[in-house]
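Worksheet for the structure shown next.
Taken together, the values in this text are just the output of simple stated rules run on the coordinates, not laboratory data. For clarity, every value in this text was computed on a predicted model and none was experimentally measured. Here Cβ is always computed from backbone atoms with ideal geometry, including for glycine, and neighbour counts include all displayed protein chains.
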């Protein structure tokens, strides 16, 4: 559905100067819809999130474009994408709602009540890890701060980092392969990984005492794209690898072909098919521990809700209290 600005290009004349009229309640509502559409990746995907129909979403985005005098996005057969004005508006939305949340937090702290929103980016395929304190911490938030809105996003590492940096996520819970200066890290626990082959691989049927480091070094290996452990180079030859995967599930799919070996979290491998189709290779000798941390943007103040969440995480994980790893 085309808005009155859809055919006018990316730089229409400004009919309503925002600085003349200010930002009102109606504008905030429209901006929230726009923010949701962007983060959902399009109008159709945002319908469930907003619990309104496609036509209503299109109408509200059109109203926002007319209100601001700018074409914000293109939608149709060619797909959904933001214009340059849309990108600027989206970033301004993040800044605006972050400021509103900070204002609300200060008022709520003054009256000893907890409201607000906690947007958490969580690395995928960790639900089977019994050492993870996430479920416990989410339960604590529900019990101690029931008015807080929780939003969980299970996704891959680079998306969590981008979300924390641009303000879409309040925090991230993720593996830390190398600390980056853009973030503050609060250590939680460690995830253990072993080297695995599938039941179709030649090493699967060999007794453990017949498997050698040389055999492992000569095997084809899956390069887990972002899991950059320097220790892996002690066990595997990654230089000649023709198989690359980003997510843990993708790594396991390649291992199960019988053509490759690769590292997987122990909890995930045991959960997958009850561990019957995967075999850990020399697990007493080959084991990697990856630290998991709660991550926030560098220098970000921890509000009362995030502090409560972090305390619950660290209490369950028995990790050092409220200490940045940076």
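Couple of notes before you dig in:
- At full extension, residue 273 and residue 88 could sit 61.9 nm farther apart than now, given 0.36 nm per residue minus the alpha carbon distance.
- Separation of the residue 36 and residue 162 label points, Cα + 7 Å toward Cβ, nm: 2.2
- Point-to-point label distance, residue 103-residue 55, nm (Cα→Cβ direction, 7 Å offset): 3.5
- The value of relative contact order for segment 16-160, using C-alpha pairs under 8 Å at least six residues apart, is 18 percent.
- Modelled spin labels at residue 246 and residue 200, positioned 7 Å past Cα toward Cβ, are 2.5 nm from each other.
- Taking each residue as 0.36 nm, the span from residue 147 to residue 211 lengthens on full extension beyond its C-alpha to C-alpha distance by 17.5 nm.
- For the pair residue 225 and residue 25, a Förster radius of 45 Å applied to the C-beta separation gives a FRET efficiency near 0.50, rounded to the nearest 0.05.
- Taken as Cα centroids, segment 40-86 and segment 261-281 sit 43 Å apart, rounded to the nearest whole angstrom.
- Extension gain, residue 289 to residue 130: 0.36 nm times the residue separation minus the Cα-Cα distance gives 55.8 nm.
- Per residue, the average separation of C-alpha pairs within less than 8 Å and at least 6 apart gives segment 190-290 a relative contact order of 51 percent.
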